[in-house]
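**Student:** Here's a structure for you.
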Amino acid sequence: MKLWGGRFEKSTASIVDQFNASIVFDQKLYKHDIMGSIAHAKMLGQSNIITKEESQKIIQGLIEILKDIEDGKVAFEIGLEDIHMNIEKLLTDRIGEVGKKLHTARSRNDQIAVDIRLFLRDEIKEICEKLKTLLGTFVVISEAHIETVMPGYTHLQRAQPITLGYHIMAYFQMFKRDYDRLEDCYKRVNVMPLGAGALAGTTYATDREFLKETLGFSEICENSLDAVSDRDFVIEFISGASMIMMHLSRFCEELILWNSAEFNFIEMDDSYSTGSSIMPQKKNPDVAELIRGKTGRIYGNLFNILTLMKGLPLAYNKDMQEDKPPLFDTVENVKVCLEIFNEMVKTMKIKKENMKKATKEGFMNATDVADYLVKKGMAFRSAHEVVGKMVLYCIQKGKGIDDLTLEEFKIFSNILTEDILDAIKIESCIASKISQGSTAKGSIEKMIKSAKDFLNI
Ligand code: ARG
């Protein structure tokens, strides 16, 4: 017998039971469902909608059910459709008729909305913690490599020398914004829909303020129709998660490149690499590749739910039951990716010498020669032209700019004097970046200082 079976003459086809049910995935919400129900039962008692004694019995029953579920003693039933009706059935089986009063002044529509919000609040907090851990790791690596010289790239072509500390602190900024985004999203998740009923509010004198306080929400949804209709807060979360994944994926791509024999800037630890079933010599950066790959999956989840919600008339539609698989999948994967990425970068070996060697080729100090000429009075565009010719000369002679003698420098401009030899050293190129936010040591120190302030470390 269905909990809603009263108006039906025939039972549902068993294929429909299977098709309609969400219990296979929404059982993940059991704790939050019970939490919401306990608050609701308390409120019903406080507001004299049911007696205090009835309220107590219901709460006691729910607490016991929670324990049973946690002890693995409960088998959920497909025929009972979802987590809400499974728990309600467990309750009436346990405490009898009074259990049937729990659903007074409530609908599954406000119930599921509150469950998801309670769930997501916890998960956002956990993901934010993981982001902070990763940000802390970035600070540690940057501090250790504040003077580790490496090529900076544009178009994946060697561009200008920078330091590894600077490179890592760029990611710090990106993941810090991801953190801020989730923190901001949390504000919109932390609004309470319970008490909205099916869509129009209820005929009972409920105390939604009490529910809000009991469940620790910061606000109450002002319009009950909105409260049960939208999942924008889920979309917003998955969008924030997609951004995290995009950043992880970019960093992974760099690490995969750096880990190759061609770059040879890092070596992934054995514990974060895997081998090949055919080529005995191989050590592959599978973990980084898989994080990059899972990014597509999270984007898929975002498009899944955006498309799901598009065109739905108000209020609740059963389509919305499909919000949970992409949400749960996103939460699980973002958490594991953040965790494993953090360990992967903590354990990788950084090959400082190779990074430095790579700055010797590619004329990475060409812009500095141009800047030198500008400071001696030449217009930048002319200096660009002069140094372009100088680079061409070097290519033809198979030399680097640093290999040129003062006499050779003079071929290109008379204003080049002895001090050019110092100015083009890679270390000078980095130290001379005096603008705010640059790759120079003092500038990175400031970034690290403000990072530490943010992290309270
Ligand atoms: N299992 C449903 C879901 O996840 C709960 C809400 C059902 N409401 C309804 N009116 N059928 O969306």
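The values are calculated or read from the model by the stated rules, or taken from the named source; none is laboratory data. The model shown is predicted, which means the values in this text are computed figures rather than measured ones. No Cβ is skipped: glycine too gets one built from the backbone with ideal geometry, and neighbour counts run over all protein chains shown. We work out accessible area using only protein heavy atoms, side chains counted, and drop any ligands, DNA or RNA first. Shrake-Rupley method; radii C 1.70, N 1.55, O 1.52, S 1.80 Å.
**Student:** For region 47-149, with every protein chain kept in place, what is the accessible area per residue (1.4 Å probe, Å²)?
**Tutor:** In whole numbers, region 47-149 has 41 Å² accessible per residue.
**Student:** On a 0 to 90 degree scale, rounded to 10, what angle separates helix 286-309 from the longest Cα axis of the chain?
**Tutor:** 50 degrees
**Student:** Between 0 and 90 degrees, rounded to the nearest ten: what's the tilt of helix 324-347 against the longest Cα principal axis of the chain?
**Tutor:** The helix 324-347 is inclined about 40 degrees to the chain.
**Student:** Still on this structure, I have one more. Got the relative contact order for region 159-300 handy, in percent, Cα pairs under 8 Å and 6 or more residues apart?
**Tutor:** 21 percent
**Student:** Go through Met85, Leu327, Leu102 and say which Cα lies farthest out towards the positive end of the charge dipole of the chain; charges sit on Cβ, +1 for Lys and Arg, -1 for Asp and Glu.
**Tutor:** Working it through, the farthest residue towards the positive pole turns out to be Leu327.
**Student:** Which of the lysines could be linked to Lys57 by a straight reach, that is with a Cα gap under 19 Å, when you skip same-chain ones fewer than 8 residues away?
**Tutor:** Lys31, Lys42, Lys67, Lys89, Lys100, Lys101
**Student:** Quick check for me: using +1 on Lys/Arg Cβ and -1 on Asp/Glu Cβ, what's the dipole size of region 374-457 about its Cα centre, in debye to the nearest 20?
**Tutor:** With only Lys, Arg, Asp and Glu charged at Cβ, the dipole is about 340 debye.
**Student:** Right, another one. What are the residues whose amide H is under 5 Å from the amide H of Ile162, where those residues sit 5 or more places off or on another chain and H is modelled from the backbone?
**Tutor:** Hits under the 5 Å cutoff: Met150, Gly152.
**Student:** With every protein chain kept in place and ligands, DNA and RNA left out, what is the accessible area per residue of region 303-411? Probe 1.4 Å, answer in Å².
**Tutor:** For region 303-411, the solvent-accessible area averages 52 Å² per residue.
**Student:** Right, another one. Can you tell which of Ile420, Met246, Thr206 lies farthest toward the positive end of the dipole of the chain, using +1 and -1 charges on the Cβ of basic and acidic side chains (Lys, Arg; Asp, Glu)?
**Tutor:** Ile420
**Student:** Tabulate in residue order the Karplus-calculated ³J(HN,Hα) for region 199-205, using 6.51 cos²θ - 1.76 cosθ + 1.60 with θ = phi - 60°, rounded to whole Hz; enter x for Gly and Pro.
**Tutor:** So the J values, rounded to whole Hz, are 5, 10, x, 10, 8, 9, 7.
**Student:** Any of Lys294/Lys346; Lys28/Lys176; Lys132/Lys356 with alpha carbons more than 26 Å apart? Name them for me.
**Tutor:** Details: Lys294/Lys346 21 Å; Lys28/Lys176 29 Å; Lys132/Lys356 30 Å.
Going by Cα-Cα distance, Lys28/Lys176; Lys132/Lys356 fall outside the 26 Å limit.
**Student:** If the only charges are +1 at each Lys and Arg Cβ and -1 at each Asp and Glu Cβ, what is the size of the charge dipole of region 45-99 around the Cα centre, to the nearest 20 debye?
**Tutor:** Here the size comes out at about 200 debye.
**Student:** Using a 1.4 angstrom probe on heavy atoms only, work out the carbon and sulfur share of the accessible area of the chain in %.
**Tutor:** Details: 11950 of 22430 Å².
C and S fraction of accessible area: 53 percent.
**Student:** Moving to a separate point now. Can you compute the charge dipole magnitude of the chain about its Cα centre, using +1 on each Lys and Arg Cβ and -1 on each Asp and Glu Cβ, nothing else charged? Give it in debye, rounded to the nearest 20.
**Tutor:** 560 debye
**Student:** Let's test this: bin the Cα-Cα distances of the chain at 20 Å from zero up to the farthest pair and state each bin's percent.
**Tutor:** Once binned at 20 Å, the Cα pair distances of the chain give 20, 38, 25, 13, 3, 0.
**Student:** Which percent, to the nearest 5, of DSSP beta bridges fully inside the chain are antiparallel? Kindly include the intermediate steps, with their values, before the conclusion.
**Tutor:** Numbers: 9 of 11 bridges.
In the chain, DSSP labels about 80 percent of beta bridges as antiparallel.
**Student:** A follow-up question, please. Give me the angle, in degrees from 0 to 90, between the Cα long axis of helix 83-95 and the longest principal axis of the Cα atoms of the chain, rounded to the nearest 10.
**Tutor:** That helix lies at roughly 40 degrees to the long axis.
**Student:** Among Leu194, Ser450, Ile65, which residue has its Cα positioned farthest towards the positive end of the charge dipole of the chain, with +1 placed on the Cβ of Lys and Arg, -1 on the Cβ of Asp and Glu, and the dipole taken about the Cα centre?
**Tutor:** Ser450
**Student:** Something else about it: List the GluC sites (Glu not before Pro) in region 171-230 that DSSP assigns to loop (not H, G, I, E or B) and whose Cβ has at most 14 other Cβ atoms within 10 Å. Which are they? Please report the intermediate quantities before stating the final value.
**Tutor:** Details: sites: Glu183, Glu209, Glu213, Glu219, Glu222; in loops: Glu222.
Qualifying residues, ordered by number: Glu222.
**Student:** Follow-up. Report, largest value first, the span of the C-alpha coordinates of region 174-273 along each principal axis, in whole Å.
**Tutor:** Over region 174-273, Cα extents along the principal axes are 71, 23, 23 Å.
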